[in-house]
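The values are calculated or read from the model by the stated rules, or taken from the named source; none is laboratory data. Note that this is a predicted model, so its numbers are computed, not measured. So basically every Cβ, Gly included, is an ideal-geometry build from the backbone, and we count neighbours across all protein chains shown. Just so you know, the surface numbers come from the protein's heavy atoms only, side chains and all, with ligands and any DNA or RNA stripped out. Shrake-Rupley method; radii C 1.70, N 1.55, O 1.52, S 1.80 Å.
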Amino acid sequence: MLEIESLHAGVEDKEILQGINLKINRGEIHVILGPNGSGKSTLMNVIMGHPKYKIFDGKIFFEGEDLSCLAVFERARKGLFLSFQSPEEIPGITVENMLRTARQAVTGQSVKILQFRKELQAMMSELKIDPSYSSRYMNVGFSGGEKKRNEILQLLMLNPKLALLDETDSGLDVDAVQIVSNGVAKFHNENNSCIIITHNTQILKYLKVDKVHILLNGRIVTNGGSELIDEVTQNGYSKFLSEE
């Protein structure tokens, strides 16, 4: 589904990613672990096409198509979705209107209001989101946990092919982490894939992780299975830093 070849990217003239190679098949969940400043969020933003970030060399292919020249909205239409570390507040646009408009923009099909509203309320109930929040402005006045659950609501309502989840679980208490991870589990199936960045490995207890990648100083230094999660949880990144 996604293939990254020798990717060098960064901000302005500063190279942050230094030769990333990554392949993700349909149906897989991949986890990227690494200390702050290692390039994890940069990788997510480059995949999504954030205009602040520049590709110096390398390619990103999604379902065989080179994404390099596509704008963010075009990548979204192809089936990519990015949840943010710090979701933005959008005054003047309600949660329902935002999601309905986004679905219509991504699918290119008209959305029936009553049917959409019924589906939205059902999803909000599963994520334990107060149904009245659908008529509130997007993330305005929401707590940190409410914003993160709202990100998962967007994921479920838009149903992309590839979900890029950038610390969606950060700042959440134990109950909220379980709600968020259950939402991710509900989304994931054999036809889509996920890349998850996290510092709180609690969220991974509720998900079947296929591959784990350790990212240090802009390079993937180790690939493995879920055993790497346990190793990092117990010992941190010191071993990988010494081997770099």
When you scan segment 216-233, do you find a residue that is open to solvent by less than 50 Å² (accessible area, probe 1.4 Å), in contact with a Pro (Cβ under 9 Å, 6 or more places away or on another chain) and not in a loop (DSSP other than H, G, I, E, B), even just one?
yes
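Okay, residues lined up against (1) of a type in the set (A, V, I, L, M); (2) open to solvent by less than 60 Å² (accessible area, probe 1.4 Å):
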position: Val11; (1), (2): yes, yes
position: Gln18; (1), (2): no, no
position: Leu43; (1), (2): yes, yes
position: Phe61; (1), (2): no, yes
position: Leu99; (1), (2): yes, yes
position: Arg103; (1), (2): no, yes
Kindly indicate whether any position in segment 165-177 is in contact with a helix residue (DSSP H, G or I) (Cβ under 9 Å, 6 or more places away or on another chain), of a type in the set (Gly, Ala, Ser), closer than 24 Å to Phe84 by Cα and open to solvent by 40 Å² or more (accessible area, probe 1.4 Å).
yes
Any residue in segment 21-40 that's within 15 Å of Pro160 (Cβ to Cβ): show its pairings with residues that are of a type outside the set (S, T, N, Q) and exposed (fewer than 14 other Cβ atoms within 10 Å of the Cβ) at Cβ separation under 8 Å, as long as the two are six or more apart or on different chains.
Arg26/Glu190; Gly27/Glu190; Ile29/Lys208
Looking for something more than 23 Å from Ser135 (Cβ to Cβ) and aliphatic (A, V, I, L, M) - is there at least one such residue anywhere in segment 83-97?
no
Checking Thr107 against (1) in contact with a Ser or Thr (Cβ under 9 Å, 6 or more places away or on another chain); (2) open to solvent by 60 Å² or more (accessible area, probe 1.4 Å), only one condition comes out false. Which one?
(1)
Residue list for segment 113-141, filter: within 23 Å of the chain's Cα centre (by Cα), open to solvent by less than 80 Å² (accessible area, probe 1.4 Å) and closer than 20 Å to Gln178 by Cβ:
Ala122, Met123, Met124, Leu127, Ile129, Tyr133
Take residues that are out of contact with any Asp or Glu (no Cβ under 6 Å at 6 or more places or on another chain) and under 21 Å from Asn191 (Cα atoms) and tell me which of the strands (runs of 3 or more DSSP E) falling wholly in segment 1-51 contain 3 or more.
2-11, 29-33
Considering segment 178-206 alone, what residues qualify as being assigned to a loop (DSSP other than H, G, I, E, B) and open to solvent by 20 Å² or more (accessible area, probe 1.4 Å)?
His188, Asn189, Glu190, Asn191, His199, Asn200
State which residue is farthest from Arg103 (Cα to Cα) when the search covers only segment 142-164 and only residues that are open to solvent by 40 Å² or more (accessible area, probe 1.4 Å) and in a loop (DSSP other than H, G, I, E, B).
Ser143
